[in-house]
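These notes are about the structure you will find just below.
Coordinate-derived values only; no laboratory data. Just so you know, these numbers come straight off a predicted model, no measurement behind them. No Cβ is skipped: glycine too gets one built from the backbone with ideal geometry, and neighbour counts run over all protein chains shown.
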Amino acid sequence: MRGLYAIIDAGLIERRGLDPLRFAAAVLAAAPVAVQLRDKRGSAGATLELLRRLQPVCRAAGVPLFANDRADLAALAGCDGVHLGQQDLPAPLARQVLAATGDAPGRERVVGVSAHNEAELDRALAWQPSYVAFGPVFHTQSKRKLDPVLGLEGLETLVRSSRSVRADLPTVAIGGIDQANAAAVAAICPCVAAIGALVPDEGAGPACYAEVQGRALALARALGPPP
């Protein structure tokens, strides 16, 4: 995995009055390596409906769509995978859910896992994930309960530890990453996730989606050419 990993925060998009499908279309113009829907609003039904609406849009663009936290919703919506936190369903069980249900039972799907320190990395590696996401690299307002900031040095330590166990395991950096610091992060971890950096500061008119597209393209350029 290399490039922009775009995360659509449904709550943030809703608060800004933005349409999630138009937002996704704008982000997809930057050809991200993946799109993840992060929906913490509490309604499984609403999340499932939004995933089902996003999936054909992402599929038409050739970009995998991941659900955050919920393997069951990922399976039911036909997503390409799920991203799990340390307190979510363990990755081996999530794989069973993904393999047994949904639009194509048995289809192999991606299972990513977050890790914020060495102990969590050890736990994540034991789950044999498809990739590991490290963060927060910098301070971010996208999460209410923030883990200690890693900084570039902490990120490099975790990436090195991961590669010492599984040299081929993809890694993703997340947390407070924007156009100004993306290149420095990508020099350590070639796949970089963005949430707030994709969202305009204010407004919800047609020009906002052009700004979203511009932000996504700028981030993608800052990360360097695709492999």
The chain, relative contact order in percent, only Cα pairs under 8 angstrom and at least six apart counted: 21 percent
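Based only on the alpha carbon positions, what is the Kirkwood hydrodynamic radius of the range 122-183, in angstrom?
Mean inverse Cα-Cα distance, inverted, gives 12.4 Å.
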Equivalent ellipsoid dimensions for the range 52-127 as semi-axes, Å, which come from the Cα gyration tensor, largest first: 23, 13, 9
What distance in nm lies between label points placed 7 Å from Cα along the C-beta direction at S43 and D201? 3.2 nm
Which residue fluctuates the most in the chain, going by a Gaussian network model with Cα springs under 10 Å, if the choices are E153, E202, E108? E202
Over the Cα atoms of the chain, what is the Rg over Rh ratio if Rh follows Kirkwood? 0.94
Among 182-195, 209-222, 52-65, what's the highest-first ranking by average C-beta atoms within 10 angstrom per residue? 182-195, 209-222, 52-65
Considering the dipole of the chain built from charges on the beta carbon (Lys and Arg +1, Asp and Glu -1) around the Cα centre, which of Q55, V33, A71 is farthest to its positive end? Q55
Nitroxide proxy distance, nm - points 7 Å out along Cα→Cβ at V165 and L93: 2.0 nm
For A91, what is the net charge nearby, where nearby means another residue's Cβ is under 13 Å from its Cβ and Lys, Arg count +1, Asp, Glu -1? 0
